[in-house]
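Heads up, the thing below is written out as structure tokens.
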Amino acid sequence: MDDPLVVVDAGLAEIPKCWRLCAEMRRTIEHCRRVGFSADHFEGVFDDIERYLGHYHPVHTNNSAALVMAGFLLGDGDFGKTVGLAVTGGWEIDAAAPRPV
């Protein structure tokens, strides 16, 4: 699949829309969309994620998932870049980080 947003939307279709996780991931997508899905703006996207999810513990699922999703959406299909962006946030994402197939 060439479009990471299609993959993300398919995954989100499996999460009940009434869950906070779904709403918070949709918000993360909008932050990424606003910067044109450009990795050059990851710091701004991370700042936005930290503003609305920073109240969670650093090992919480929702904030970790938002970082992984932002890395995936901004990583230009490059696995190393995607993982690098996700871990740049500094939260505990190792359990959620994408792995090569």
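The values are calculated or read from the model by the stated rules, or taken from the named source; none is laboratory data. Fair warning: this is a prediction, and the values are worked out from it, not measured in the lab. No Cβ is skipped: glycine too gets one built from the backbone with ideal geometry, and neighbour counts run over all protein chains shown. Just so you know, the surface numbers come from the protein's heavy atoms only, side chains and all, with ligands and any DNA or RNA stripped out. Shrake-Rupley method; radii C 1.70, N 1.55, O 1.52, S 1.80 Å.
Let me check against my output: what whole-number percent is the relative contact order of the chain, with C-alpha pairs under 8 Å and at least 6 apart?
Relative contact order of the chain: 25 percent.
Using 5 Å bins from zero, what percent of all Cα-Cα pairs in the chain falls into each bin?
Result, from short to long distances: 2, 14, 27, 27, 21, 8, 1 percent.
For a quick check, take a GNM of the chain with Cα springs below 10 Å and name the residue from Ile49, Ile29, Ile15 with the largest mean-square fluctuation.
Ile15
At 25 °C and a viscosity of 0.890 mPa s, what translational diffusion coefficient does Stokes-Einstein give for the stretch 1-52, taking Rh as the Kirkwood radius over Cα pairs? Give it in µm²/s as a whole number.
Translational D for this selection: 209 µm²/s.
Build a GNM of the chain with springs between Cα atoms under 10 Å: which of Leu85, Leu12, Leu74 gets the top mean-square fluctuation?
Leu12
Ordered by residue, what ³J(HN,Hα) values in Hz, to whole numbers, does the stretch 37-45 give under the Karplus form 6.51 cos²θ - 1.76 cosθ + 1.60, where θ = phi - 60° and Gly and Pro are x?
6, 9, 4, 4, 10, 4, 4, x, 5
What's the carbon and sulfur percent of the stretch 5-95's accessible surface, probe 1.4 angstrom, rounded to a whole number?
Of the solvent-accessible surface of the stretch 5-95, carbon and sulfur hold 55 percent.
Using a simple charge model, +1 on the beta-carbon of Lys and Arg, -1 on the beta-carbon of Asp and Glu, nothing else, what dipole does the chain show about its Cα centre, in debye to the nearest 20?
The calculation lands at about 320 debye.
Residue by residue through the stretch 52-67, which ³J(HN,Hα) values in whole Hz follow from phi under the Karplus form 6.51 cos²θ - 1.76 cosθ + 1.60 (θ = phi - 60°), with glycine and proline marked x?
Result, rounded to whole Hz: 9, 10, x, 6, 6, 4, x, 9, 6, 5, 5, 5, 5, 5, 5, 5.
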